[in-house]
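Input: a single structure, listed below in C-alpha cells.
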Amino acid sequence: MDHDGVLALYDRAMREGAQPDSPDARIERVGRVVRQVSSGSGWNGVVWSDLDAAGADTAIAEQVAYFGGLGREFEWKLYGHDLPVDLGQRLSAAGFTAEPEETLMIAEVNALDLDAGEPEGIRLVPVTDAAGVDLVADVHEKAFGTDSSRLRRQLLARLTDDPDGVVAVVALAGDDPVSAARMELVPGTRFAGLWGGGTVEAWRGRGIYRALVAHRARAAVERGYRYLQVDASAQSRPILERLGFVALTTTMPYVYVP
C-alpha cells in the first residue's frame, strides 16, 4: 500500500471533505478548520485543520468561543501528522483534555481474508430495527462499561433516516448478545468506516471480533468500497494487523467542556 498516498486521500475525502455523521448535524468550513455541528445529541467537533504556528492559537480560541457560545462540549480530533507539530500541547494549554490515543488503520478490502466464519455457538444477526439497536447498546455497556444511551439514539436515527449508510451486526450466543459492531458508509468516497466493535469480556479470544470484521468487509465489497478504516485501540490493533490492516497514523481526541 502507498501509505502516504492513501493517507492524503483519506484526509481529502474523510476529513477536509467530511460529511455529517447524523441527520441532525452539519459540516462547516471556517477558515482553515472543518467542524461538525450537531443540533441534537450528536457529536460536535473539529474533524480537520490546516494550521501553522502563527495562526493555531487563534483558530483554537475561535472554536472554543463558537462551541462555548452554543454551550456544547466538543472534540478536536488530532491526527499524528497534523500541523503545527505542537498542536496537541496548544490544545492542552487552551483547556482541552486528551483522551487515549488510537491508531488509524486502513485495509484494501480485496486484500483481506473474508472467509472467517461464525465461531462455534455464535450466530451473526443484522441489526435493522429498535430491538436490534437495544442488543447493540447492551453489548456496548457490558464491553466498555460506559453508558450507551447516545449510541442507541444515534444508531436508531441512522437506521431510520439513512438505512443504506450503515451496516450494524450483533453476535448472539443463544439469545444472549455477546459482541456487536457497525460500519458507516460514506457515499462518494472509497472508504467505509468500522466502528463500535466490542465483545463482552467472557467471550473474547474466540474469533468473534474477526468474524464481525469479515462480515462488514464483505458488505463493503458488495457496495463497491475499496478501503476499510478503523480507529483501533491497543487491544484491537494486533487482531487487525493479522487480518491485513496497516497503521497510517495516530489519532487522539482532545475534549473541551465549556
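The values are calculated or read from the model by the stated rules, or taken from the named source; none is laboratory data. Since the model is a prediction, treat every value here as computed from it, not as a measurement. FYI the Cβ positions are ideal-geometry reconstructions off the backbone, even for glycines, and counts take in every protein chain you see.
In summary, Asp175 fulfils each of the numbered conditions (1) crowded, with 17+ Cβ neighbours inside 10 Å; (2) more than 19 Å from Ile106 (Cα to Cα) with the single exception of condition (1). Against the condition surrounded by fewer than 17 Cβ atoms within 10 Å (Cβ to Cβ) and of a type in the set (Gly, Ala, Ser), how does Ala202 come out, does it pass? Considered against the rule, which asks whether it is surrounded by fewer than 17 Cβ atoms within 10 Å (Cβ to Cβ) and of a type in the set (Gly, Ala, Ser), Ala202 comes out as yes. Checking each residue of segment 8-27 against the condition of being modelled with pLDDT of 95 or more, more than 26 Å from Asp164 (Cα to Cα) and surrounded by 15 or more Cβ atoms within 10 Å (Cβ to Cβ) gives no match. Scanning segment 89-121 for residues being assigned to a loop (DSSP other than H, G, I, E, B) and free of Cβ contacts under 8 Å to residues at least 60 places away in the same chain gives a total of 2. Within segment 205-234, the residues that satisfy the criterion of being out of contact with any helix residue (DSSP H, G or I) (no Cβ under 9 Å at 6 or more places or on another chain) and either on the phi < 0 side of the Ramachandran plot or polar (S, T, N, Q) (or both) are Arg206, Ile208, Ala211, Leu212, His215, Arg216, Ala219, Glu222, Asp231, Ser233, Ala234.
Does Leu159 qualify as being outside the structural domain of Arg12 (by TED's automatic domain parsing), part of a helix (DSSP H, G or I), within 15 Å of the chain's Cα centre (by Cα) and over 20 Å from Glu120 (Cβ atoms)? Considered against the rule, which asks whether it is outside the structural domain of Arg12 (by TED's automatic domain parsing), part of a helix (DSSP H, G or I), within 15 Å of the chain's Cα centre (by Cα) and over 20 Å from Glu120 (Cβ atoms), Leu159 comes out as no. Select from segment 234-258 the residues that are small (Gly, Ala, Ser) and touching a strand residue (DSSP E or B) at 6+ places or on another chain (Cβ under 6 Å) and write down the one among them that is modelled with the lowest pLDDT. Within segment 234-258, the match that is modelled with the lowest pLDDT is Gly244. Looking across segment 28-54, the residues that are surrounded by fewer than 16 Cβ atoms within 10 Å (Cβ to Cβ) and in a loop (DSSP other than H, G, I, E, B) come down to Gly31, Arg32, Ser39, Gly40, Ser41, Asp50, Asp52, Ala53, Ala54. Inspection of segment 175-196 finds no residue satisfying the criterion of being over 24 Å from Pro100 (Cβ atoms), assigned to a helix (DSSP H, G or I), over 17 Å from the mean Cα position of the chain (by Cα) and of a type in the set (D, E, K, R). Could you please find all residues in segment 76-98 being within 17 Å of Leu51 (Cα to Cα) and either in contact with a Gly (Cβ under 7 Å, 6 or more places away or on another chain) or β-branched (Val, Ile, Thr) (or both)? Those that are within 17 Å of Leu51 (Cα to Cα) and either in contact with a Gly (Cβ under 7 Å, 6 or more places away or on another chain) or β-branched (Val, Ile, Thr) (or both): Trp76, Lys77, Leu78, Val85.
Rundown of residues vs (1) within 22 Å of Ile239 (Cβ to Cβ); (2) of a type outside the set (Lys, Arg); (3) in the same structural domain as Gly40 (by TED's automatic domain parsing); (4) loosely packed, with under 14 Cβ neighbours inside 10 Å, yes/no style:
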site	(1), (2), (3), (4)
Gly68	no, yes, yes, no
Trp76	no, yes, yes, no
Gly88	no, yes, yes, no
Glu120	yes, yes, no, yes
Ala130	no, yes, no, yes
Asp134	no, yes, no, no
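Quick check: is even one residue across segment 66-81 among the aliphatic types (A, V, I, L, M), out of contact with any strand residue (DSSP E or B) (no Cβ under 9 Å at 6 or more places or on another chain) and free of Cβ contacts under 8 Å to residues at least 60 places away in the same chain? Taking every residue of segment 66-81 in turn, none turns out to be among the aliphatic types (A, V, I, L, M), out of contact with any strand residue (DSSP E or B) (no Cβ under 9 Å at 6 or more places or on another chain) and free of Cβ contacts under 8 Å to residues at least 60 places away in the same chain. Among the residues making up segment 220-238, those that are under 17 Å from the mean Cα position of the chain (by Cα) and part of a helix (DSSP H, G or I) are Ala220, Arg237.
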